[in-house]
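First comes the structure, then the notes that go with it.
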Amino acid sequence: MDTEARVQHVLARMREHGGRMTPQRAAVVRVLVESTAHPSAEQVYEELLPQYPMLSLATVYKTVALLKEMGELIELMVDGVQVHFDGRQPYAHPHLVCKRCGSIIDVPIDQPHALAEQVAQTTGYAEVSASLDFWGVCPRCQSRE
Ligand SMILES: [Zn+2]
């Protein structure tokens, strides 16, 4: 599914879910699904405010909560300060966090699910998921030093 198809899919599911659809809510969904930057609620709010002066931070939080409930978004607690969100890939996948600027990217790893499967097999646990995060210093911060 490409990004635009995913935006439409999530919006359609939200309507089914009985979520009231406003231009502000639709814009929040679009940012959360399209962004590769794993924004926090505050960052989504700040990005949209110039175009949507009627937007409130409460609307961002409510939309995030609904998407999470629908399984269309995951929360990342990587910097211990703010919760960041990934509405692009709403399933466990590894992230790489810059220790200096806090930017978060997805790490291309082959078969991240294989690790959880291996753990499930060796321990007999069911529904095993993993949260695998990496920390480093991004190329942009390196060039600033
Ligand atoms: Zn991600």
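Quick note: the coordinates plus some simple rules give every number you see, no bench work behind them. Source: prediction; values computed, not measured. Here the Cβ is made from the backbone with ideal geometry for all residues, glycine too, and neighbour counts use every protein chain on show.
Quick notes on this one:
- Mean-square fluctuations from a GNM of the chain, with a 10 angstrom spring cutoff on Cα atoms, peak among ARG13, ARG88, ARG30 at ARG13.
- Rg then Dmax, both in Å and based on the Cα atoms of the chain: 16.8, 53.
- Under Karplus coefficients 6.51, -1.76 and 1.60, residue-wise ³J(HN,Hα) of region 98-110 in Hz, glycine/proline x: 7, 5, 8, 9, x, 5, 10, 10, 7, 9, x, 10, 6
- Considering only PRO94, PRO39, PRO108, the Gaussian network model of the chain with Cα springs below 10 Å gives its largest mean-square fluctuation to PRO108.
- Amide proton proximity set for SER103, modelled H, under 5 Å, gap of 5+: CYS98
- Top of THR122, THR63, THR22 by mean-square fluctuation, Gaussian network on the chain, Cα under 10 Å: THR122
- The chain, dipole about Cα centre (Lys/Arg Cβ +1, Asp/Glu Cβ -1), debye to the nearest 20: 400
- The residue list SER103, SER129, SER40 was ranked by how far each Cα lies along the charge dipole of the chain toward its positive end, using unit charges on Cβ atoms, and SER40 comes out on top.
- Centroid-to-centroid separation of region 11-51 and region 56-110 [C-alpha atoms, Å]: 13
- Of the beta bridges in the chain, as assigned by DSSP with both residues counted there, near 65 percent are antiparallel.
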